[in-house]
């Protein structure tokens, strides 16, 4: 009797484990992962004023547990969710930002790119702008950039001989003349540039002896560089060659560049190239000329700025005017 009960208990345990495993497998295959990709912009009928909104909190609930993410400087966000494959109804996304009205957006579960537009609070406040906003005008962006240039520091000249006796049959003992008939000789010379310099415009010329019976056998000079080398084949009597190149020194110089931002509504945009240093903004604020350096946290008194790095390593800035300030175009 006890043996039968043991068999029953084992059977029930195996059945329960199998049922649990089957439930987990079915549950796993009944779920799917999706990624919602959306850009958040300021609402406007003028496309020039539909600027990206940074720092928008985007969340969802509806029994899924709260999932949240935030938009970046370009207004883009990705929200990854795990949902039941049988779900057909859209998700409700909640968009929240201190400077914009709350937005709840129904997003169908499809493979699409979504754009959410949030209404600025200023447009719905029903009050006029401050009577005397601070005027910001004559805005220029300045930065320094280092450029490297080559400066001609002179030239180096060297002569060398290729010693040979003409009209001696080669008899297959290399080096020989190009047609293989006459015994030849190979002469060479090397030029080394002073440290920190390079050679350009290297040239070789035969200046004495039976020059028509010679040719360059090794060209290590025409491309330039810190060291130049040449080899010459001579199948007649001794010849003399002139080996010359110009010496160039690398010099790094800094220069200040000026750029003008593009202004749409209350936002200005500008970019600086890769390698730009000491970026700052000059502007007239209520007729006083003020300089605003843009450090690691690119914010200035009159505007909140964000910085992004483009594919070519340039830096793109977007600065939104703070309350109480306005552009005087």
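The values are calculated or read from the model by the stated rules, or taken from the named source; none is laboratory data. Nothing here was measured: the structure is a model prediction, and the numbers come from that model. Note that we place each Cβ from the backbone using ideal geometry, even for glycine, and neighbour counts take in every protein chain shown.
For this structure, a couple of remarks:
- Taking the numbered list (1) modelled with pLDDT of 90 or more; (2) more than 30 Å from residue 295 (Cβ to Cβ) in turn, residue 172 passes all entries but (1).
- Selection of the range 24-51 for residues being at pLDDT 75 or above and loosely packed, with under 10 Cβ neighbours inside 10 Å yields 45, 46, 47.
- Condition met for residue 155 (in contact (Cβ under 8 Å) with a residue 40 or more places away in the chain, part of a strand (DSSP E or B) and either under 50 Å from the mean Cα position of the chain (by Cα) or not assigned by TED's automatic domain parsing to the domain that holds residue 292 (or both)): yes
This table checks each residue for (1) surrounded by 15 or more Cβ atoms within 10 Å (Cβ to Cβ); (2) within 30 Å of residue 280 (Cα to Cα).
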| position | (1), (2) |
| --- | --- |
| 203 | no, no |
| 213 | yes, no |
| 227 | no, no |
| 231 | yes, no |
| 239 | yes, no |
| 243 | yes, no |
| 257 | no, yes |
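- Residue pairs whose Cβ atoms lie under 8 Å apart, sitting 6 or more positions apart in sequence or on different chains, and linking a residue in the range 181-205 that is on the phi > 0 side of the Ramachandran plot to a partner that is modelled with pLDDT under 90 and exposed (fewer than 14 other Cβ atoms within 10 Å of the Cβ), are 196/250.
- The residues of the range 282-296 that are under 15 Å from residue 328 (Cβ atoms) and either modelled with pLDDT of 85 or more or in contact with a strand residue (DSSP E or B) (Cβ under 9 Å, 6 or more places away or on another chain) (or both), listed by number, are 282, 283, 284, 285, 286, 287, 289, 290.
- Filtered by the rule that a residue be surrounded by 12 or more Cβ atoms within 10 Å (Cβ to Cβ), more than 30 Å from the chain's Cα centre (by Cα), over 23 Å from residue 304 (Cβ atoms) and at pLDDT 80 or above, the range 95-146 gives a lone residue, 105.
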